[in-house]
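**Student:** Below are the structure tokens for one structure; questions will follow.
The values are calculated or read from the model by the stated rules, or taken from the named source; none is laboratory data. Source: prediction; values computed, not measured. Virtual Cβ from ideal backbone geometry, glycine too; neighbours counted across all protein chains shown.
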Amino acid sequence: MNKQAEAKQRYRRERRDRRRKWQEQWRELTGKMTFRLILLLIGCGFLTFGSFWFLMQHQTQFYINLVKKGYIKFDAGKITEEMQKKAENIRFADYSKKELLNYLEIEKYDDGYTVILFYDEEGLFQFYGLEYSMSDTFLEGTFWYNNMYYSGLNWMAQLEFQDTTETVMVYSMHEAIIAAPYFFGSLFLSMLMLLPVIIYVWRRMRYVGKVKEEILIMADGDLEHPVTVKERDEIGVLARNLDEMRLALEENIRQEQEGKKANHDLIRSVSHDLRTPMTTLYGYLEILDQKKCPAGKQEEYIRRCIEKVEEIRALSDKMFEYALIYGQKEQEELTELFLWELLEEMESSREFLQLNGFQIEEFLAPEEVKFRGNRIFFQRAFNNLFSNILKYGDKEKPVRLSVRIEKGYVEFGFFNWKKMQGEQVESNRIGLKSVQKMVELQGGRFFAAEEEDTFAVTIGFLIDGSG
């Protein structure tokens with residue numbers, strides 16, 4: 001039962017995860033401008049085609065309404081009535097076709113769109129009274145009017161002559177009058193269905209222009225002006241990222257300004273704090289120099305002088321480190337250094353660690369090499385690194401110091417075990433940052449690796465002739 005319940009829960013969880021994944025993919029897809037534009041084009045395309053087809057299907061009805069309302073003059077019944085009044089006074093057989101048409105005044109009905117046909121009593125076609133004179137024209141070939149006779153306005157009547165009865169058919173082709181205007185009018189109205197696409201593109205392009213203006217405002221240094229974020233499409237995502245970048249940049253500048261102010265205040269405070277131990281130190285040294293020291297107090301005064309020197313050194317190092325990290329970059333003077341010179345510096349620091357109870361393991365490169373650097377920076381870097389080992393290192397486990405040649409670089413390695421959790425001293429890492437800064441100013445490379453129980457630093461410098 002437990003396995004079945006777990007399987008059901010796993011299945012539900014997987015189904016929920018799949019549904020959530022599909023929802024996220026769907027939101028991402030529908031948020032894209034390309035998808036929206038294609039969807040809008042398809043929808044508006046169907047509306048445009050459907051509207052045009054509908055309007056063209058109702059062209060004849062539109063024409064009939066124009067005739068009924070008197071906008072187009074055509075009355076087939078009136079034409080046949082006028083012809084009947086004249087036909088009842090003559091014999092059909094006494095006149096030729098031309099004479100008959102002249103007598104009936106057929107030509108006055110010739111407007112180019114009226115067709116009149118004569119049939120005998122048996123329904124056989126005899127002749128045209130009027131032919132469609134607009135046939136084989138551009139309108140007919142382009143707008144689909146090839147011999148099409150439209151119902152609703154056509155008329156059939158009997159003409160009673162004295163000797164016979166003729167059937168007259170009157171056809172209207174007047175719809176050709178509105179063919180071109182109706183076609184282009186329908187096309188224009190149908191194209192209005194594409195207006196949403198035009199509006200959408202116009203709005204997005206206007207938004208692009210607005211984002212461009214806001215980017216230019218940012219480029220001029222005004223980071224307080226926000227970037228307008230609209231929609232979830234590509235342009236909206238770009239605007240959102242730009243606004244986040246603006247906020248991050250504004251925050252970085254603010255923090256940098258606060259850091260500079262704090263650095264300035266710190267240096268001023270440390271400079272002020274230096275006066276107190278220096279004054280005290282000067283006083284003790286002056287007493288010792290003038291041999292005014294009370295009996296038995298000389299060793300105590302010397303100890304106090306050492307304490308004040310340590311206090312001054314700590315304060316000066318702290319001021320130097322902050323100034324180095326937060327101050328302006330300057331090109332430091334680099335000179336040619338030999339490896340043995342720096343090994344001597346490491347030797348004195350190594351001895352100091354041993355005097356304080358640390359175990360030392362050394363792995364030193366035998367090669368004599370030289371490289372470019374700043375000896376004062378090396379001294380300070382070594383002081384910081386050995387000072388960190390003294391503060392945070394575990395005396396029960398060995399400290400490993402190494403100097404080796406690796407791919408054209410001379411590398412100095414420092415590895416130590418960290419104190420137990422309860423014995424650790426809080427660190428602001430300013431010393432480590434200053435070491436990194438000094439190494440970088442000399443063109444070297446810096447690498448630090450910290451684990452739960454160990455800490456290691458490696459600094460490397462390019463050997464002369466290896467570049």
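**Student:** Of all residues in the stretch 428-446, how many are surrounded by fewer than 19 Cβ atoms within 10 Å (Cβ to Cβ) and at pLDDT below 80?
**Tutor:** Adding up the residues that qualify gives 3.
**Student:** Something else now. Restrict the check to the stretch 216-223 and report whether at least one residue is touching a helix residue (DSSP H, G or I) at 6+ places or on another chain (Cβ under 7 Å) and more than 29 Å from Val201 (Cβ to Cβ).
**Tutor:** The answer is yes; a qualifying residue exists.
**Student:** Here's something else I'd like to know. Taking the stretch 161-172 on its own, how many of its residues are surrounded by 13 or more Cβ atoms within 10 Å (Cβ to Cβ) and either not assigned by TED's automatic domain parsing to the domain that holds Lys86 or not β-branched (Val, Ile, Thr) (or both)?
**Tutor:** 5
**Student:** Here's another thing I want to ask about it. Being assigned to a loop (DSSP other than H, G, I, E, B), within 14 Å of the chain's Cα centre (by Cα) and not hydrophobic (A, V, I, L, M, F, W, C) is the filter here; which residues of the stretch 222-252 pass it?
**Tutor:** Within the stretch 222-252, Thr228, Lys230, Glu231, Arg232, Asp233 meet the criteria.
**Student:** Also, quick follow-up: If you go through the stretch 173-221 one residue at a time, how many are part of a loop (DSSP other than H, G, I, E, B) and surrounded by 12 or more Cβ atoms within 10 Å (Cβ to Cβ)?
**Tutor:** 1
Condition check ((1) closer than 18 Å to Ile459 by Cβ; (2) crowded, with 17+ Cβ neighbours inside 10 Å) across all residues:
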site: Trp340; (1), (2): yes, no
site: Glu351; (1), (2): no, no
site: Leu355; (1), (2): no, no
site: Asn416; (1), (2): yes, yes
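**Student:** Grab the helices (runs of 4 or more DSSP H) fully contained in the stretch 33-93, keeping just those with 2 or more residues being in contact with a Leu (Cβ under 7 Å, 6 or more places away or on another chain) and modelled with pLDDT of 85 or more.
**Tutor:** 33-57, 76-87
**Student:** Out of all the residues in the stretch 372-381, which are touching a helix residue (DSSP H, G or I) at 6+ places or on another chain (Cβ under 8 Å) and buried (at least 20 other Cβ atoms within 10 Å of the Cβ)?
**Tutor:** Hits for the stretch 372-381 are Phe377, Phe378, Ala381.
**Student:** Of the conditions (1) surrounded by 18 or more Cβ atoms within 10 Å (Cβ to Cβ); (2) modelled with pLDDT under 80, Leu130 satisfies every one except a single condition; which number is it?
**Tutor:** All conditions are met except number (2).
**Student:** Here is a follow-up. Quick one: which residue in Leu288, Leu266, Leu274, Leu281 is at pLDDT 70 or above, within 21 Å of Ala314 (Cα to Cα) and not acidic (Asp, Glu)?
**Tutor:** Checking each option against the conditions leaves just Leu281.
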